[in-house]
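In what follows, a single structure is set out as structure tokens and then discussed.
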Amino acid sequence: MGCFPLFIELEGRPCLVAGGGRVALRKVKKLLPFGPRVTVVAPAVCPELAAVPGVRFVRRRVRPADLRGQALVIAATDNAGMNRRIASACRARRIPVNVVDDPRAGSFLFPALAQRGPLTVGVSTGGASPDAAVYVKRRIEAALPGAEFGPILTWLAACRGPVKAALESENARAALFARLFDTCMETGRPLTDAEFAALLNQAKQEENTHG
């Protein structure tokens, strides 16, 4: 069976990476765009990882106390036995853990990620073939809209509050959100304040007309 895809909020939450090599570096780079507070615990850290800003480094081996309060843990040391012990301790504490050299020992997998601003698409083969996951990710990236899609999504997110405040009907809101998205895709950009106001006023009139 494949793994169930689950998206979790990591903004401001503590995440631990055990290990200081290039594999740990790749995991840290995947995590950081989502805003966690990353701590790397390892006796030695490769120069590329040490140069990553916004990461806290503890230069020693992992201790059980390091797991306390973590939102998730990555076991990425160069010692398979150590990784399994970290995974076991995390499971006992109900902490999500990824084991880089033994996916089945962990409780979650890192997907291959395709991103456009707030849009994130994760691809996983359940550990069967990381190369296949990367292949599919690249095909998805090629099919995604261009760089303008990220700003459009950010703008649409900012519209949700004003739309909900202005319209009482869920159907009216849904229709306006769809209209805003379609218009953004037609223009290839976020709408201006005047364009948004015009569509919002139109939606208000339609809501009043249809009761």
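The table that follows gives values for the structure above.
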| read-out | value |
| --- | --- |
| Exclusive hit being outside any helix (DSSP H, G or I), closer than 28 Å to residue 135 by Cβ and open to solvent by less than 40 Å² (accessible area, probe 1.4 Å), set 98, 83 | 98 |
| Considering residues of region 20-43 that are in a loop (DSSP other than H, G, I, E, B) and either open to solvent by less than 70 Å² (accessible area, probe 1.4 Å) or of a type in the set (D, E, K, R) (or both) only, the residue nearest to residue 95 (Cα to Cα) | 36 |
| Tally of residues being in contact (Cβ under 8 Å) with a residue 24 or more places away in the chain, open to solvent by 60 Å² or more (accessible area, probe 1.4 Å) and hydroxyl-bearing (Ser, Thr, Tyr) across region 101-124 | 1 |
| Subset of region 167-198 that is open to solvent by less than 30 Å² (accessible area, probe 1.4 Å) and outside any loop (DSSP other than H, G, I, E, B) - its residue that is nearest to residue 117 (Cα to Cα) | 184 |
| Those residues of region 21-76 which are touching a residue at least 60 places away in the same chain (Cβ under 8 Å) and either within 19 Å of residue 8 (Cβ to Cβ) or among the charged types (D, E, K, R) (or both), in sequence order | 27, 30, 33, 71, 72 |
| Residue in region 5-19 that is over 21 Å from the mean Cα position of the chain (by Cα) and part of a helix (DSSP H, G or I) present | no |
| Enumeration of residues in region 191-211 that are among the aliphatic types (A, V, I, L, M) and over 15 Å from residue 174 (Cα atoms) | 191, 194, 197, 198 |
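The values are calculated or read from the model by the stated rules, or taken from the named source; none is laboratory data. As the structure is a computational prediction, the values presented were derived from the model and not from experiment. Virtual Cβ from ideal backbone geometry, glycine too; neighbours counted across all protein chains shown. To get the accessible areas, we keep the full protein, side chains included, count just its heavy atoms, and leave off ligands, DNA and RNA. Shrake-Rupley method; radii C 1.70, N 1.55, O 1.52, S 1.80 Å.
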